[in-house]
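Novice: After the structure tokens below, expect a handful of questions from me.
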Amino acid sequence: MKNLFIVLIALISIPASAQDCDKEKLKTLPGTWLPQPSDEVHAGTPRPAAADAAGAKNVFNRIGKLFQQHYKPVGADVYNYLTHNITPGSTYGNWYIYTISNFMFYCSNGKKSRNSEGVSSSVHINPDGTLTVKFGEMPIYNERGEVNSEVTNTCGFYSLSSKECKGGNLPDLSTGYHSFESGNNYYVWITHEGKLPYRYVSRKEFLEKQVAICEANLSELNKHYSSKGWKENLEMFPQYKEKMLEDKKKHLAIFENPLDAYRQDLKKDAAWLNETAIVKQENVSGVYRFVFTTVNDGWMSVPIMPNPDYYDRNLPKWTPQFIVINIRRIDGFVPQQVRKIVDDNIDFFKSIVAN
């Protein structure tokens, strides 16, 4: 009888123990700062020189101290780490990243567990773009001497979108600070006050690039249509000859028609041509081409180019000259805490950037 009583007690206690872990209570459970992992070097990138690595570590420690002072993890354990990501061909400065990773608590078999995959936010020092837009020149030809598909499928430039241009305005960096949301991410740019790490493109420059892209595509198409193989196919299948010639005409017109339109635009007055290019694609009188629009147009793109003059080359390469902060999954309660710390300490991040 005694053994039966013990068994009954055990059976009754099973559902109770399964309820010991309350996922809602886990959201308010204090977490801890875990030991910091070793510094990393991003795969395929070189290791920085010793002096640059030491300078980056000093900046990392300053940022880490800020978060450790102000961020008391709740609902997760957390650690931070440094990653070097030096990109060959970048305008100037070594790219390195401060990452804060939160490992959320969850219930597993009635017990508190910790997720092995962290919800991360990061502070990028001297990146080669805004994380949403690259700072670079888009070449017309690839390394094989063929027309780069990227320029054909885009406007030929890396471009800002309506996401970066919140409120229908170009980013205002007069105070060295700009922020916006994109999807479930929150971004903050910290720059030299009143300066842009990129430059805008004039209408003239944009049109000249479109002319060059159209001419490059037409050159490749004409090579194809004058090739021995295409001509042999034309003669080999006389029943399709008319259609093949019609398809050739349509194919060439895809680039011939906008090319004529862009050349006409280049004849306009200098004041018009010197305006900042803000563009979108549109069908104009049967010609699918880029036209100029305004920054409050939801379909617009703002072409940009690198601005080498932004960077002070007398400073060591580890010196922060441009910062991008990325907070991911901003609908979650943990990233919201990190976002508040960032927003409350913008002046701290501005103080890191050399002015």
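Novice: In whole percent, what relative contact order does the chain give with Cα contacts below 8 Å and a gap of six or more residues?
Specialist: Numbers: 586 pairs, mean separation 74.8, N = 355.
Value for the chain: 21 percent.
Novice: Give me the percent relative contact order of region 200-306, please, defined on Cα pairs under 8 angstrom at least 6 residues apart.
Specialist: Details: 103 pairs, mean separation 39.3, N = 107.
In percent, rounded to a whole number, it is 37.
Novice: While we're here: Build a GNM of the chain with springs between Cα atoms under 10 Å: which of A43, A216, A51 gets the top mean-square fluctuation?
Specialist: Looking only at A43, A216, A51, the biggest GNM fluctuation is shown by A43.
Novice: Please compute the volume of the convex hull spanned by the alpha-carbon atoms of region 154-194 and report it per residue in Å³.
Specialist: It comes to 89 Å³ per residue, whole-number rounded.
Novice: Kindly express, to the nearest 10 degrees and within the range 0 to 90, the angle between helix 2-18's C-alpha long axis and the longest C-alpha principal axis of the chain.
Specialist: It works out to around 40 degrees.
Novice: Which of K223/K248; K134/K280; K248/K280; K57/K166 have a Cα-Cα distance over 24 Å? Each step should come with its number before you reach the end.
Specialist: On the way: K223/K248 12 Å; K134/K280 19 Å; K248/K280 27 Å; K57/K166 34 Å.
Listed pairs above 24 Å: K248/K280; K57/K166.
Novice: With n ≥ 4 as the cut-off for DSSP H runs, can you work out [θ] at 222 nm for the chain, using -39500 (n - 2.57) per run divided by the number of residues, rounded to the nearest 500? Provide the component values of the computation, followed by the final result.
Specialist: Values: 10 runs with 127 residues, N = 355.
Rounded to the nearest 500, it is -11500 deg cm²/dmol.
Novice: For the chain, take every pair of Cα atoms, bin their distances at 20 Å starting from 0, and report each bin as a whole percent.
Specialist: Reading the bins upward from 0: 23, 41, 25, 10, 2, 0.
Novice: List the longest stretch of the chain that has no exposed loop site; here a site is one of the GluC sites (Glu not before Pro) assigned by DSSP to anything other than H, G, I, E or B, with at most 14 other Cβ within 10 Å.
Specialist: Working: sites that count: E117, E137, E143, E146, E193, E275.
Of all site-free stretches, the longest is 1-116.
Novice: Counting pairs of Cα atoms in region 73-219, how many percent are more than 24 Å apart? Spell out each step's value before the answer.
Specialist: Values: 5613 of 10731 pairs.
The proportion of pairs with Cα distances above 24 Å equals 52 percent.
Novice: For region 272-315, which chymotrypsin sites (Phe, Trp or Tyr not before Pro) are both in a DSSP coil and crowded by at most 15 other Cβ atoms within 10 Å?
Specialist: Values: sites: W272, Y288, F290, F292, W299, Y310, Y311; in loops: W299, Y311.
For chymotrypsin sites (Phe, Trp or Tyr not before Pro) across region 272-315 that sit outside H, G, I, E and B with at most 15 neighbouring Cβ atoms in 10 Å, the list reads W299.
Novice: If amide H atoms are built 1.01 Å from N in the plane of the peptide, which residues on other chains or at least 5 residues away come under 5 Å of the amide H of R199?
Specialist: Residues meeting the criterion, in which the H sits 1.01 Å from N, are M305, N307.
Novice: Evaluate region 200-306: find the radius of gyration of its Cα atoms, find its Kirkwood radius, and give the ratio Rg to Rh. Could the numbers behind the result be given before it?
Specialist: Numbers: Rg = 17.6 Å, Rh = 15.8 Å.
So for region 200-306, dividing Rg by the Kirkwood Rh gives 1.12.
Novice: Separate question: Build a GNM of the chain with springs between Cα atoms under 10 Å: which of R329, R144, R289 gets the top mean-square fluctuation?
Specialist: The residue with the greatest mean-square fluctuation here is R144.
Novice: Ok, one more. Report the net charge of residues surrounding C21, where surrounding means a beta-carbon distance below 9 angstrom and charges are Lys +1, Arg +1, Asp -1, Glu -1.
Specialist: Local charge sum for C21: +2.
Novice: Tell me which chymotrypsin sites (Phe, Trp or Tyr not before Pro) from region 26-135 have a DSSP coil assignment and no more than 14 other beta carbons within 10 Å of their own.
Specialist: Working: sites: W33, F60, F67, Y71, Y79, Y81, Y92, W95, Y96, Y98, F103, F105, Y106, F135; in loops: Y71, Y92, W95, F135.
Within region 26-135, no chymotrypsin sites (Phe, Trp or Tyr not before Pro) qualify (loop, at most 14 other Cβ atoms within 10 Å).
Novice: While we're looking at this one, here's another question. If the cut-off is a Cα-Cα distance under 16 Å, which lysines reach K27, setting aside same-chain residues fewer than 8 apart in sequence?
Specialist: Correct list for K27: K72, K111, K112.
All of the numbers you see were taken from the coordinates with simple rules; none came from a lab. From a predicted model like this one, the values you see are computed outputs, not experimental measurements. Please note: Cβ atoms are built from the backbone with ideal geometry, for glycine as well, and neighbour counts cover all protein chains shown.
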